[in-house]
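Peer 1: One structure, pasted below without further comment.
The values are calculated or read from the model by the stated rules, or taken from the named source; none is laboratory data. All values reported here derive from a predicted model rather than from experimental measurement. Here Cβ is always computed from backbone atoms with ideal geometry, including for glycine, and neighbour counts include all displayed protein chains. Side chains included, ligands, DNA and RNA excluded: accessible areas come from the protein's heavy atoms. Shrake-Rupley method; radii C 1.70, N 1.55, O 1.52, S 1.80 Å.
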Amino acid sequence: MDEHNLPEDLADRPRSQEGGVPVPFVCADEGGGFDIRAVRKRRAIQCALSRICGLCGVSLGWPVAFLGSEEEADAGALHFPPLHEACAEAALRLYPPLGRGVLGIDAPSGAWVLLTTGGFELERPTDRHGDQRVAFRPNSVADRRTSTS
């Protein structure tokens, strides 16, 4: 992994033994544990309400970016929190090669979608049954790119 091509705040994150990739802010818990395949619900909500990047944990500006599967992007409901565009672009290079489920995205490596938008809505589960993940709904998509891993 070439550290010179990572945004500085992302390069400063602790590393996972799985692939040596930075541990996303949203995949770590308050006690220091982490799983790069699991999005922590509490942290995902924190990212939305405090407008911080799900990858590096630093305040967001505009535009904001989202990563997800083609199905999530088509439905307009993504499950990984908002990102800086530079962090999202770095994530497209780093995480898909680790396989399905990384960052909580269940899609083949060549089918990740990066969306950019000016804003989003946070949608929390309405009951205790079914999918308990939070969803992020971009207001209006400015750009959509599909990974080519």
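Peer 1: Could you tell me how many of the residues in region 13-36 are under 28 Å from Gly119 (Cβ atoms) and touching a residue at least 24 places away in the same chain (Cβ under 8 Å)?
Peer 2: 7
Peer 1: Would you pick out the residues in region 103-118 that are modelled with pLDDT of 85 or more and either open to solvent by 10 Å² or more (accessible area, probe 1.4 Å) or farther than 19 Å from Arg137 by Cβ (or both)?
Peer 2: Gly118
Peer 1: Would you check which residues across region 64-110 are touching a Cys at 6+ places or on another chain (Cβ under 6 Å) and in a helix (DSSP H, G or I) and list them?
Peer 2: If the condition is that a residue be touching a Cys at 6+ places or on another chain (Cβ under 6 Å) and in a helix (DSSP H, G or I), then Cys87 is the only one that fits.
Peer 1: Exactly one of these conditions fails for Arg15: (1) more than 21 Å from Gly104 (Cα to Cα); (2) loosely packed, with under 15 Cβ neighbours inside 10 Å; (3) of a type in the set (D, E, K, R). Give me its number.
Peer 2: (1)
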